[in-house]
Amino acid sequence: SAVISQKPSRDICQRGTSLTIQCQVDSQVTMMFWYRQQPGQSLTLIATANQGSEATYESGFVIDKFPISRPNLTFSTLTVSNMSPEDSSIYLCSAPGGGTDTQYFGPGTRLTVL
Amino acid sequence: EDKVVQSPLSLVVHEGDTVTLNCSYEVTNFRSLLWYKQEKKAPTFLFMLTSSGIEKKSGRLSSILDKKELFSILNITATQTGDSAIYLCAVGGSSNTGKLIFGQGTTLQVKP
């Protein structure tokens, strides 16, 4: 399995500001994933963070709003830019362990935008 | 479009009951089906299923996959209040991307 840490665990932000979420994995992985879980909803993939190349974004998510960095094989950041109340969600990072499809999740970041 | 559908969306039972959660899918290039338990924020991994008819078991939880009928079930026997959580089904498809498509989740509440 993979052990994943995330910070901050929660934050309350003002509209129009940006927040950067950090994700650290305890082993080297090629792909890391960022998900969003809006209140009462399931998980939606935002993007795949690939080391050494640009992140791959899912339909409905754009780099200007959710820039991602992947400086090495154990670390990634997701920035939520120019936030609005609609961005209030839990943001989760994940990485594979023990096989490509078995993804393990970080503890999540609960973001509230006022 | 790939999709994963879980049922029921919510369920209330009493301790000691047995529950069956369902997950059906339509995914291109199916690779695997995974079950997660989400109590607060982070989903915790329960099972990964890749082959039909082979039951995975962990304590009171078990799961099986039917690739012909495109569904999976998660059984929990002798439920306890600690089983109260959201149970998520996810399917990996489109080979080599590692992407998971999640269902809506089933919210299980176990009453004492």
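Here A:Q6 clears all of (1) closer than 21 Å to B:L34 by Cα; (2) buried (at least 20 other Cβ atoms within 10 Å of the Cβ); (3) within 13 Å of another protein chain (Cβ to nearest Cβ) except the condition numbered (1).
Just one residue in the set B:K99, B:K41, B:K111, B:K68 is away from chain A (no Cβ under 14 Å) and at pLDDT below 95; that residue is B:K68. Restricted to the stretch A:33-47, and to residues there that are touching a Lys or Arg at 6+ places or on another chain (Cβ under 7 Å) and modelled with pLDDT under 95, the residue that is farthest from A:I68 (Cα to Cα) is A:T44. Applying the set (1) farther than 25 Å from A:M31 by Cβ; (2) surrounded by 18 or more Cβ atoms within 10 Å (Cβ to Cβ) to B:L34 leaves exactly one unmet item: (1). Here is the figure for the stretch B:68-82: residues that are touching a residue at least 60 places away in the same chain (Cβ under 8 Å) and either basic (K, R) or open to solvent by 10 Å² or more (accessible area, probe 1.4 Å) (or both) total 3.
To keep it simple, each residue is scored yes or no on (1) within 18 Å of A:Q28 (Cα to Cα); (2) within 14 Å of chain B (Cβ to nearest Cβ); (3) surrounded by 15 or more Cβ atoms within 10 Å (Cβ to Cβ).
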residue: A:V62; (1), (2), (3): no, no, no
residue: A:S76; (1), (2), (3): yes, yes, yes
residue: A:S84; (1), (2), (3): no, no, no
residue: A:D87; (1), (2), (3): no, no, yes
residue: A:P96; (1), (2), (3): yes, yes, yes
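Does A:S94 meet the test of being under 13 Å from the mean Cα position of the chain (by Cα), under 23 Å from B:F45 (Cβ atoms) and either modelled with pLDDT under 95 or not in a loop (DSSP other than H, G, I, E, B) (or both)? Spelling it out, A:S94 is indeed under 13 Å from the mean Cα position of the chain (by Cα), under 23 Å from B:F45 (Cβ atoms) and either modelled with pLDDT under 95 or not in a loop (DSSP other than H, G, I, E, B) (or both). In the stretch A:14-32, the count of residues that are over 13 Å from the mean Cα position of the chain (by Cα), in a strand (DSSP E or B), within 22 Å of B:K41 (Cβ to Cβ) and of a type in the set (A, V, I, L, M, F, W, C) is zero. Pairs are defined by a Cβ separation below 7 Å, a sequence spacing of at least 6 or placement on different chains, a first member in the stretch A:17-43 that is more than 9 Å from chain B (Cβ to nearest Cβ), and a second member that is in a strand (DSSP E or B) and open to solvent by 70 Å² or more (accessible area, probe 1.4 Å); the pairs so defined are A:Q22/A:K7.
The values are calculated or read from the model by the stated rules, or taken from the named source; none is laboratory data. Note that this is a predicted model, so its numbers are computed, not measured. Neighbour counts are summed over all protein chains in view; Cβ atoms, including those assigned to glycine, are modelled from backbone coordinates with ideal geometry. To get the accessible areas, we keep the full protein, side chains included, count just its heavy atoms, and leave off ligands, DNA and RNA. Shrake-Rupley method; radii C 1.70, N 1.55, O 1.52, S 1.80 Å.
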